[in-house]
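The values are calculated or read from the model by the stated rules, or taken from the named source; none is laboratory data. None of these values were measured; they are calculated from a predicted model. Virtual Cβ from ideal backbone geometry, glycine too; neighbours counted across all protein chains shown.
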Amino acid sequence: MVGLKNLAAAIPLSCLAISLVSVQRGAASANSLWLSDGYGLLLEVSDRSLQAYELTSVSCIASWKAKRDPGSGSREMVFTGNGVFRLSDGPSAAVRRLHLDGTAADIFLHRTAQRPETCDHAPENNPQENYAVFGRPSPSNMPFSICAMSIGNRSTTNSVLR
């Protein structure tokens, strides 16, 4: 009878310990670099903050920041900045979902080991480079790419980019 009482007390404690370990593991696994499907975003996620970079084929520019809400869990990390950003589990450990409050769809993010090469240097601040940043969007941002290509075919002002 004493053995059953000890076992009954040990089971809830074991479950609690396992859940705490998995919560810590989930939070730590989000700390990484993440590339978006579309949108041309690179996100740098840490325990305390989220930093977004806007990517094009020629640039990597720091964009918005958000701080992590201390009360958010590991399965859904909540960050607050210009809006509320929710980073939640995806179908695998290498995929996350980013939801911006007020939007209809999530942005899928894929873990990456390193920053793209365009993040290694800042573009020069001159008219040609500034135009290149806006005229050559990320290949993942397809609608804008198609628009930029069709404009480029009709205009001689794009000759700098060819």
Within the range 32-58, of all residues that are over 17 Å from residue 112 (Cβ atoms) and in contact (Cβ under 8 Å) with a residue 24 or more places away in the chain, the one surrounded by the fewest Cβ atoms within 10 Å (Cβ to Cβ) is 49
Selection over the range 87-105 where residues are under 11 Å from the mean Cα position of the chain (by Cα) and surrounded by 16 or more Cβ atoms within 10 Å (Cβ to Cβ) yields a count of 6
Taking the range 39-59 and keeping residues within 14 Å of the chain's Cα centre (by Cα), closer than 23 Å to residue 123 by Cβ and either assigned to a loop (DSSP other than H, G, I, E, B) or of a type outside the set (A, V, I, L, M) (or both) leaves 39, 40, 44, 51, 53, 54
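Here's the yes/no breakdown for (1) assigned to a helix (DSSP H, G or I); (2) surrounded by 14 or more Cβ atoms within 10 Å (Cβ to Cβ); (3) within 17 Å of the chain's Cα centre (by Cα); (4) at pLDDT below 80:
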{"site": "110", "(1), (2), (3), (4)": "no, yes, yes, no"}
{"site": "119", "(1), (2), (3), (4)": "yes, yes, yes, no"}
{"site": "125", "(1), (2), (3), (4)": "no, no, no, no"}
{"site": "143", "(1), (2), (3), (4)": "yes, no, no, yes"}
{"site": "151", "(1), (2), (3), (4)": "yes, no, no, yes"}
Among 63, 59, 49, 72, the single one that is at pLDDT below 90 and over 15 Å from residue 99 (Cα atoms) is 59
Within the range 76-98, residues in a loop (DSSP other than H, G, I, E, B) and free of Cβ contacts under 8 Å to residues at least 60 places away in the same chain come out as 81, 82, 83, 90, 91, 92, 94
